[in-house]
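What follows is one structure encoded as structure tokens, with my remarks underneath.
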């Protein structure tokens, strides 16, 4: 299977008068929720979709808990999740406190997945 992409024009944010350039962007092909994932999993094994949903819900809670503890969460061939942050810069170490943190985010580092993707221009 290929991931479809569309073409979008983007202006140069440093020069709005410049001619836009065209870039490839992923064309979303829908979404899937926990309930659908649980149903798919149950069709591929002997566990019921209710049991699968329960496991997925607990997995989500545990991932959140571990990220809050500052741990890297490794999900096999999918990749790793980790909390990242941004902060203000200071001249000395002593000046850097928790209030220096300006933004936090979840970082995702893919494992094998990205090496196997193929792309196709959307019609």
- Which of (1) under 30 Å from residue 24 (Cα atoms); (2) more than 21 Å from the chain's Cα centre (by Cα); (3) in a helix (DSSP H, G or I) does residue 115 not meet, given it meets every other one? (2)
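Results for (1) in contact with a helix residue (DSSP H, G or I) (Cβ under 6 Å, 6 or more places away or on another chain); (2) free of Cβ contacts under 8 Å to residues at least 12 places away in the same chain, shown as yes or no for each residue.
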{"position": "8", "(1), (2)": "no, no"}
{"position": "33", "(1), (2)": "no, yes"}
{"position": "48", "(1), (2)": "yes, yes"}
{"position": "53", "(1), (2)": "yes, no"}
{"position": "67", "(1), (2)": "no, no"}
{"position": "87", "(1), (2)": "yes, no"}
{"position": "96", "(1), (2)": "no, yes"}
- Message: I'm trying to understand the selection: among the residues of the stretch 1-11, which are part of a strand (DSSP E or B) and modelled with pLDDT under 90?
- Response: 3
- Task: Give 38, 28, 100 a once-over and let me know the one that is under 17 Å from the mean Cα position of the chain (by Cα) and either modelled with pLDDT under 90 or surrounded by 12 or more Cβ atoms within 10 Å (Cβ to Cβ) (or both).
- Result: 28
- Looking at this structure, is residue 75 within 21 Å of residue 28 (Cα to Cα) and either out of contact with any strand residue (DSSP E or B) (no Cβ under 6 Å at 6 or more places or on another chain) or without any contact (Cβ under 8 Å) to a residue 12 or more places away in the chain (or both)? no
- Any chance residue 109 is surrounded by 13 or more Cβ atoms within 10 Å (Cβ to Cβ), free of Cβ contacts under 8 Å to residues at least 40 places away in the same chain and not in a helix (DSSP H, G or I): no
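The values are calculated or read from the model by the stated rules, or taken from the named source; none is laboratory data. These numbers were taken from a predicted model, which means no experiment stands behind them. Ideal geometry is used to build each Cβ from the backbone, glycine not excepted, and the neighbour counts take in all protein chains shown.
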